[in-house]
Protein chains: 2
Amino acid sequence: MSVHVIGTGLLGTSLGLALTGAGHEVTLADLSPTAQRLAADLGAGTVGEPEATDVVIVATPPDVAGQTILTALDRFPEATVTDVASVKTVLLHEVRAACAPGDLDRYIGSHPMAGREKSGAIAARDDLFVGRPWVVCSDDDTPAARLAQIVALATDVGAAVVHLDPEFHDSSVARVSHAPQVMASLMAAQLVDMPADGVALAGQGLRDVTRIAASDASLWTQILAGNAAEVREVLESIRADLDTLISALELAPGAIATIAQTITAGNDGYDRIPGKHGQAPQKYAEITVLIDDTPGMLGKLFADVGELGINIEDIRIEHATGVKLGSVEVAVVPARQRELEEGLTSRGWWVPEAVIEHEGQQ
Amino acid sequence: MSVHVIGTGLLGTSLGLALTGAGHEVTLADLSPTAQRLAADLGAGTVGEPEATDVVIVATPPDVAGQTILTALDRFPEATVTDVASVKTVLLHEVRAACAPGDLDRYIGSHPMAGREKSGAIAARDDLFVGRPWVVCSDDDTPAARLAQIVALATDVGAAVVHLDPEFHDSSVARVSHAPQVMASLMAAQLVDMPADGVALAGQGLRDVTRIAASDASLWTQILAGNAAEVREVLESIRADLDTLISALELAPGAIATIAQTITAGNDGYDRIPGKHGQAPQKYAEITVLIDDTPGMLGKLFADVGELGINIEDIRIEHATGVKLGSVEVAVVPARQRELEEGLTSRGWWVPEAVIEHEGQQ
């Protein structure tokens, strides 16, 4: 296929690299001459607007995506036009309201759920989409041949296609992606004015909750503004629960049950998050190994695990404050736990004996 | 020293194991005859109340710790009494209000910051406290000899002693431990009624933010209730920020700046979390390796890293949805990044080329 990519940032350039690698003929355009030349130099395609093209992919910043889609529909009257923005409903409304009659069928919104806040062509990777969900927003009026084009491109870059309608997509990402970003940011903001002695008590729980608080502010401002109504709905629901909890912390009669319900509801919600490979959540057996935090120790550990022929499902490294010692938690399927513990112990590793489940920690 | 441990749950039994291992003479008591016998069978000490003891450690559930400390001060008139509860101010007030004249000097609150929500003697580990902070709440009136006893015990079980006053401790853990638990639980609770198709879009961000939402509801109810005033103060501050953001999401003029400030404040707060070994946060270079998710692959990978002599600072494994492929992010000091990338590539690993920093992701 011939594919014209408009916008050669992280996503556009990564798509150019991957599609070129898959044998498609890619042309590139960006408002910035430097950006489009950089993308071309990296191997993402050829600079310039073609006479005609099979597919246009709009990969501009989200706040100009709508206008760019409309221009592309106009300029390439035979092409299928898609985009990569992480909010779909506003774009669809914008296109529907302004496109020429009949053109709406040629627009199919996409959301490849890949990315890093490290932006620009220089951060592009040809494998950015490998194994990631690629949401396609089509409806009953979408011509099958055009839908097949988008599905083929998504598949060619290694993504797993998921068909969703735009409203469902937007309300879902508000809950599983945008609200978590807000919660992480709100929590991390509470640390700004803390004395260093207090922040020093931070453990792995705080680190996990706030990890994505380090994300790019400019990108996330556009995402939250673009999905404002849906995000607000989730946040209002959270605020209602927060209000209930804050009142309960005045410890009037009945308050303890309310506090317990907050934590229990969190237990229930956590259990709904799918595990790896799209399966239902699986409980792994977790073993802890204490190691000197010196070069090569992890290498030695995992070499030994490898020799035992046991697959590691997850790993967490915890560095203790103030001492040169780390603990490594290795999650494996429960059936292999005992074997791993014995195998590592016999190879001289310091493996505590207790049976610990994977889920939950203080 | 002779040490009497009251309460043989996870913490009490773990302390018994560790202190016995360090050569101290440990006696054990628990309201449950089965629990105390189990702890003794595991090697945590001898069942029974001694005539006298150097130190009493109260390791009961937090809601009965105050009364147990008072009883211990009365029963052992020469002993230093400490406890392991994660909230200190309420206990101190309770002891101060009710203890005999002069006895207050014999009570020194502790908070060993270790634990798992997996409870009971059966989950105990003799290395539970190794490398963990052990907060000691003493004041100017605390006799040096008694303080030295508690510090010695903490050190003997491998913990790193941190001296804090109880108010500072409680307000700090409200912020770095208790509020994060609440935020994780509130976020996870939003998933309870979601359609499975929507939850399936969950990525690593949601998983991280909600990981501790799996924690034990009974323990956390006691902790939040015990530190209610301090936790409420943090949550009210978060609610104020949340209110501001919810209003901003109505997208009135000026709203975009407010949204950006929310994310930026989160960036700033995240940067304050100390890195490993109590150092200032360090940015690591992170490289991504794509692997088949089959047994032994991680073992082979880390064996190769080990051979290169490079210390792995952090690891994150991401399993793609729907495909048998995982990506492993390995964080190393920036100076070794290029060497690691080249070394792994030359050994046949699939290492994308881009330079990605450790902090932040979409």
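The values are calculated or read from the model by the stated rules, or taken from the named source; none is laboratory data. Please read these numbers as outputs of a predicted model, since none were measured by experiment. Every residue, glycine among them, receives a Cβ derived from its backbone with ideal geometry; neighbour counts consider all protein chains shown. In case anyone asks, the SASA skips ligands and DNA or RNA and just uses the protein heavy atoms, side chains included. Shrake-Rupley method; radii C 1.70, N 1.55, O 1.52, S 1.80 Å.
Details
- The modelled label-to-label distance for the pair B:Gln67/B:Asp271, using points 7 Å beyond Cα in the direction of Cβ, is 5.0 nm.
- Per-residue average of Cβ from other chains inside 10 Å of A:304-317: 6
- Expressed as a fraction of 2.2 N^0.38 Å, the value expected for a compact globular protein of N residues, the C-alpha radius of gyration of chain A is 1.19.
- Cα gyration tensor shape of the protein assembly as shown, rounded if a/c is under 1.5, else prolate or oblate by comparing a/b with b/c: prolate
- Largest GNM mean-square fluctuation across B:Gln261, B:Gln204, B:Gln222, computed for chain B with C-alpha springs under 10 Å, falls on B:Gln261.
- Most fluctuating residue given options B:Pro112, B:Pro195, B:Pro77, as computed from a GNM of chain B linking Cα atoms under 10 Å: B:Pro195
- Residues with amide H under 5 Å from that of A:Ala160, placed H, sequence gap 5 or more: A:Gly131, A:Arg132, A:Trp134
- Here the Karplus curve 6.51 cos²θ - 1.76 cosθ + 1.60, taken at θ = phi - 60°, turns the phi angles of region A:209-221 into couplings of 4, 9, 3, 6, 5, 7, 5, 5, 5, 5, 4, 6, 5 Hz, with x standing for Gly and Pro.
- Share, in percent, of DSSP beta bridges within chain A that are antiparallel, nearest 5: 50
- Per-residue ellipticity at 222 nm computed for the protein assembly as shown from its helices equals -13000 deg cm²/dmol, with DSSP H segments shorter than 4 residues left out and the rest contributing -39,500 (n - 2.57).
- Just checking the listed ones, A:Met194, A:Met183, A:Met113: in the Gaussian network model of chain A with Cα springs under 10 Å, the one fluctuating most is A:Met194.
- Whole-angstrom gap from region B:159-186 to region A:103-170, using each part's C-alpha centre: 43
- The label point for A:Asp292 and the one for B:Asn311, both projected 7 Å from the Cα toward the Cβ, are 1.1 nm apart.
- Radius ratio Rg over Rh of region B:56-153, counting only Cα atoms, Kirkwood formula for Rh: 0.96
- Amide N proximity, region B:150-173 versus A:Asp197 label position 7 Å along Cα-to-Cβ, cut-off under 14 Å: B:162-173
- Hz values of 3J(HN,Hα) by residue in region A:201-207 - Karplus curve (6.51, -1.76, 1.60), Gly and Pro given as x: 7, 4, x, 5, x, 4, 4
- For A:Asp83, nonlocal amide neighbours, meaning residues 5 or more places apart or on other chains whose placed amide H falls under 5 Å from its own, are A:Val58, A:Ser110.
- Rounded to the nearest 20, the Cβ-based charge dipole of the protein assembly as shown about its Cα centre (Lys and Arg +1, Asp and Glu -1) stands at 620 debye.
- On Cα atoms only, tilt of A:10-21 relative to the major axis of chain A in degrees: 70
- Charge dipole magnitude, Cβ of K and R +1, D and E -1 - chain B, Cα centre, debye nearest 20: 460
- Of all stretches in chain A that contain no GluC sites (Glu not before Pro) in a DSSP loop with at most 10 other Cβ atoms within 10 Å, the longest one is A:79-249.
- Exam field: B:Arg338 pseudo-label spacings to other copies (7 Å along Cα-Cβ), nanometres: 5.1
- About its Cα centre, region B:171-271 has a charge dipole of approximately 180 debye under the convention of +1 per Lys or Arg Cβ and -1 per Asp or Glu Cβ, with nothing else charged.
- Put simply, the amide H of B:Val47, placed in the peptide plane, has neighbours under 5 Å in B:Leu28, leaving out anything fewer than 5 places away on its chain.
- Inter-chain Cβ neighbour count for A:126-132, averaged per residue, equals 6 (cutoff 10 Å, partner chain atoms only).
- Comparing Cα centroids, region B:215-246 and region B:21-52 end up 36 angstrom apart.
- Global geometry of region A:171-271, whether rounded, prolate or oblate, following the gyration tensor of its Cα atoms and the 1.5 cut on a/c: oblate
- Computing FRET efficiency as 1/(1 + (r/R0)^6) for A:Val47 and A:Ser237, where r is the C-beta to C-beta distance and R0 is 56 Å, gives about 0.75.
- Counting only other chain Cβ atoms within 10 Å of each residue's Cβ, the peptide B:236-242 averages 5.
- FRET efficiency estimate (nearest 0.05) - Cβ-Cβ, B:Met1 to B:His163, R0 22 angstrom: 0.65
- Across the identical copies, the 7 Å label point of A:Pro143, projected outward along Cα→Cβ, sits 9.2 nm from its counterparts, in ascending order.
- Accessible surface for the protein assembly as shown, divided over its residues, is 38 Å² per residue with a 1.4 Å probe.
- Per-residue surface analysis assigns B:Arg146 an accessible area of about 50 Å², computed on protein heavy atoms at 1.4 Å probe radius.
- Carbon/sulfur fraction of accessible area - the protein assembly as shown, other protein chains in place, 1.4 Å, %: 52
- Only protein heavy atoms count here; on that basis, with a 1.4 Å probe, A:Asp271 has an accessible area of about 80 Å².
- Linear extension gain, B:Asp140 paired with B:Glu339, 0.36 nm per residue minus alpha-carbon span: 66.3 nm
- Label point 7 Å beyond Cα along the C-beta direction, distances from A:Ser247 to other copies (nm, shortest first): 2.2
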